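The values are calculated or read from the model by the stated rules, or taken from the named source; none is laboratory data. Note that the coordinates shown come from a computational prediction; the quantities given were computed from them, not determined experimentally. Backbone-built Cβ (ideal geometry, glycine too); neighbour counts: all protein chains shown.
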Amino acid sequence: MTRIEEAKAALKSLGLPAAQQNERSALTLLALADITPNRRWKGVKRPMLRTVDIMEFMRQRYDKDYKPNSRETIRRQTLHQFEQARIADRNPDDPARPTNSGNTVYQLTEEIAAALSVYGTPLFEKRLRAFRDRFGSLSDAYSRQRRVNQIPLQLADGAEVFLSPGKHNELQVAVIEQFGPRFAPGATLLYVGDTAAKSLVMDAELLAQLNIPVTEHDKLPDIVLYLRERKWLFLIEAVTSHGPVSPKRYREIEAFLRDCPAHRVYITAFPDATTFRKYAAGIAWETEVWIADAPDHMIHFNGDKFLGPYLKK
């Protein structure tokens with residue numbers, strides 16, 4: 001049996017779904033364990049590897065040349081499942097590293113490395129049992145959400161959800177917890193995405209009532225709030241590295257919401273004034289700007305609508 005076939009068998013023994021018992025996943029496991037065709041399993045190592053490093057290992061050691069656009073498939077269809085099943089840890093050197101960072105690395109867990117080091121011997125099943133005793137069944141691991149280092153988000157009804165780490169999601173939390181009560185009190189949260197889970201919170205029923213297509217999440221802004229009493233729809237882009245409400249983005253969302261009867265309020269949220277200045281030239285007129293480190297104020301990009309004196313208190 002080749003090392004690839006052995007790796008497939010190991011994944012099957014670990015209870016991975018059939019979709020992760022293929023050659024791609026087997027090669028990923030071999031890369032994370034640094035097992036070459038001539039190295040026995042007792043020589044398991046635990047290097048920290050980026051997805052591109054894993055692909056280079058496949059190419060050099062097993063002559064399997066995956067195309068560059070396969071990187072996302074490996075990440076989403078193998079590494080995510082490895083992480084969920086406690087086969088591998090993501091960013092053990094820096095757990096707060098953003099999900100979409102190019103420096104994201106993966107490493108075998110100590111428990112799986114210990115089991116693989118005795119693969120093919122009677123000890124292998126014993127160590128698998130010890131793994132299950134410690135972490136529960138793999139099916140439980142798949143349904144369990146790891147909340148370590150995730151960002152808590154408190155919803156209006158008291159429920160709490162967790163966003164993956166990163167500046168973008170920190171800003172999204174600030175928008176909901178600071179902007180909302182100040183400028184949209186009583187608004188309903190219809191949608192908030194996550195860099196790791198696009199539709200973390202979505203009120204599909206109310207979106208449908210407003211004639212907002214719920215199957216095209218990529219066209220939605222980062223956050224959507226609805227103030228029912230005024231029929232105002234707050235469409236908010238949270239910007240840390242890209243994506244303000246530009247004229248192009250404004251037109252795209254308007255076309256997307258052509259059948260929605262609500263009045264639209266477009267807002268670009270920034271974490272600080274420095275980031276705002278970086279993108280100011282690209283912001284569309286007739287939109288608003290909110291800056292998280294000055295949460296009591298808004299900047300209006302909408303001509304003479306608010307022209308006039310400020311009354312003294």
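Remarks
- In the set (1) out of contact with any helix residue (DSSP H, G or I) (no Cβ under 9 Å at 6 or more places or on another chain); (2) closer than 24 Å to S101 by Cβ, Q60 fails one condition alone, (2).
- Counting only residues that are in contact (Cβ under 8 Å) with a residue 24 or more places away in the chain, of a type outside the set (G, A, S) and not in a loop (DSSP other than H, G, I, E, B), segment 279-298 holds 4 of them.
- Number of the exception - V44 against (1) over 25 Å from the mean Cα position of the chain (by Cα); (2) without any contact (Cβ under 8 Å) to a residue 60 or more places away in the chain; (3) surrounded by 15 or more Cβ atoms within 10 Å (Cβ to Cβ): (2)
- Odd one out for R61 among (1) more than 28 Å from the chain's Cα centre (by Cα); (2) outside any helix (DSSP H, G or I); (3) more than 20 Å from L123 (Cβ to Cβ): (2)
- Hey, F306 farther than 24 Å from L189 by Cβ and either modelled with pLDDT of 95 or more or not assigned by TED's automatic domain parsing to the domain that holds G180 (or both) or not: yes
- Number of residues in segment 249-278 that are over 20 Å from Q178 (Cβ atoms) and either at pLDDT 95 or above or not in a strand (DSSP E or B) (or both): the value is 16.
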